[in-house]
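Worksheet: the structure to be examined is printed underneath.
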Amino acid sequence: MESYILISAFFIIALVYSSVGFGGGSSYLALLAQPLFALLPETIKPIGLLCNIVVVTGGTIIFYRQGALRWKDIWPFLLLSVPGSFLGGYWALKETTFFILLGFTLLLAAFFLWIKPKPAAAKEIPIVAQLGLGGGIGLLSGLVSIGGGIFLSPILHLINWSSAKKISALASAFILVNSISGLVGHFAAGGRPLQWQIALPLLVAVLVGGQIGSRLGAQVLNALYIRRITAVVILVAALNILKDHF
């Protein structure tokens with residue numbers, strides 16, 4: 001029964017998140033970390049990162065082909081985020097510390113998902129700020145095994161970095177490279193081998209869900225409602241994690 005719940009939930013998460021340009025890593029971890037499944041951090045971290053990679057790879061390719069993803073725009077955010085996410089993935093936290101950090105990270109993610117930035121003219125961000133923002137989010141992403149786009153995208157909207165399409169394109173690439181880097185760091189630190197009997201059905205579920213969601217997009221689904229419903233779900237999951245581990 002637990003397996004069917006996970007597979008169905010991962011399919012829905014991938015469908016919903018891909019429709020608004022995210023990978024879904026925060027929700028995968030929020031679900032896997034629930035006491036019902038009794039999974040250890042060493043098990044859930046690589047699964048969440050791999051699911052992220054599966055979901056955002058297609059979107060990143062599409063954005064690149066459309067010309068929305070340009071190296072000169074994204075390199076300042078990626079330069080420090082890649083080593084940051086590797087370091088975070090390499091840094092093996094104690095089980096209780098991991099779940100507490102994950103819980104507070106999910107609370108922050110719920111806040112960023114809920115807010116609705118007001119449209120305004122695009123503004124330039126100093127290179128130093130882009131480097132710091134990418135590096136900080138990258139490190140946090142590696143520690144809790146998410147891609148980081150759920151933080152980067154709302155922040156860029158709030159400060160009016162660029163158009164919504166370019167921000168989504170950057171978020172997809174950011175999630176992809178951070179997930180790969182964090183996964184490499186996890187295994188470089190001697191992380192347990194991936195448990196394929198758990199991971200494989202979930203990867204298939206997010207592949208199918210991600211393909212459907214990326215094609216539906218905002219043309220069919222209301223992005224604001226999706227974000228806010230997801231924010232509530234993540235908030236409840238975060239509080240449940242903190243209740244059991246704080």
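Taking the condition among the charged types (D, E, K, R) and under 17 Å from the mean Cα position of the chain (by Cα), does Arg192 pass? Explain how you work it out, then say what you get.
On the way: among the charged types (D, E, K, R): yes; under 17 Å from the mean Cα position of the chain (by Cα): no.
No; evaluated as a whole, the condition is false for this residue.
One residue is enough: does the range 92-105 have a residue meeting the conditions more than 20 Å from Thr230 (Cα to Cα), surrounded by 16 or more Cβ atoms within 10 Å (Cβ to Cβ), hydroxyl-bearing (Ser, Thr, Tyr) and in contact (Cβ under 8 Å) with a residue 60 or more places away in the chain? No; the residues of the range 92-105 include none that is more than 20 Å from Thr230 (Cα to Cα), surrounded by 16 or more Cβ atoms within 10 Å (Cβ to Cβ), hydroxyl-bearing (Ser, Thr, Tyr) and in contact (Cβ under 8 Å) with a residue 60 or more places away in the chain. Beta carbons closer than 7 Å, at least 6 apart along the sequence or on distinct chains, pair a first residue in the range 226-246 that is touching a residue at least 40 places away in the same chain (Cβ under 8 Å) and closer than 22 Å to Lys116 by Cα with a second that is part of a helix (DSSP H, G or I) and of a type in the set (Val, Ile, Thr) for Ile226/Val16; Thr230/Val16. Scanning the range 14-70 for residues being under 22 Å from Ala231 (Cα atoms) and outside any helix (DSSP H, G or I) gives a total of 10. Selection of the range 20-47 for residues being of a type in the set (S, T, N, Q) and buried (at least 24 other Cβ atoms within 10 Å of the Cβ) yields Ser26, Ser27.
So which residues in the range 191-204 are assigned to a loop (DSSP other than H, G, I, E, B) and in contact (Cβ under 8 Å) with a residue 12 or more places away in the chain, if there are any at all?
We begin by selecting, within the range 191-204, every residue assigned to a loop (DSSP other than H, G, I, E, B); these are 191-195.
Matches in the range 191-204: Gly191, Arg192, Leu194, Gln195.
Residues in the range 78-108 that are in contact with a helix residue (DSSP H, G or I) (Cβ under 8 Å, 6 or more places away or on another chain) and of a type in the set (Val, Ile, Thr): Val82, Thr96, Ile100, Thr105.
When Val128 is tested against (1) closer than 18 Å to Gly25 by Cβ; (2) in a helix (DSSP H, G or I); (3) aliphatic (A, V, I, L, M), just one condition goes unmet, and that condition is (1).
Would you say Pro46 is within 16 Å of Glu95 (Cβ to Cβ) and modelled with pLDDT of 90 or more? Quick ask: steps written out before the conclusion?
On the way: within 16 Å of Glu95 (Cβ to Cβ): yes; modelled with pLDDT of 90 or more: yes.
Judged against the criteria, Pro46 is a match.
Among residues belonging to the range 209-232 that are surrounded by 15 or more Cβ atoms within 10 Å (Cβ to Cβ) and at pLDDT 80 or above, point out the one that is farthest from Leu6 (Cα to Cα). Applying the filter and picking the extreme gives Arg228.
Scanning the range 76-100 for residues that are at pLDDT 95 or above and hydrophobic (A, V, I, L, M, F, W, C) yields a total of 7. Scanning the range 131-169 for residues that are more than 17 Å from Val184 (Cβ to Cβ) and not in a helix (DSSP H, G or I) turns up Ile159, Asn160, Trp161, Ser162, Ser163. Screening Lys243, Lys166 for residues that are surrounded by 14 or more Cβ atoms within 10 Å (Cβ to Cβ) and basic (Lys, Arg) leaves exactly one candidate, Lys166.
The residue of the range 127-163 that is surrounded by the fewest Cβ atoms within 10 Å (Cβ to Cβ), among those that are in contact with a Gly (Cβ under 9 Å, 6 or more places away or on another chain) and closer than 18 Å to Lys72 by Cα, is Gly135.
Scanning the range 6-50 for residues that are closer than 15 Å to Ser214 by Cα and β-branched (Val, Ile, Thr) gives Ile12, Ile13, Val16, Val20. Restricting the first member to the range 161-186 and to residues that are farther than 19 Å from Leu131 by Cα and touching a residue at least 24 places away in the same chain (Cβ under 8 Å), and the second to residues that are hydroxyl-bearing (Ser, Thr, Tyr) and surrounded by 24 or more Cβ atoms within 10 Å (Cβ to Cβ), the beta-carbon pairs closer than 8 Å and six or more apart or on different chains are Gly185/Ser85; His186/Ser145.
The values are calculated or read from the model by the stated rules, or taken from the named source; none is laboratory data. Computed from a predicted structure; not experimentally measured. Glycine also receives a Cβ, built like all others from the backbone with ideal geometry; neighbour counts cover every protein chain displayed.
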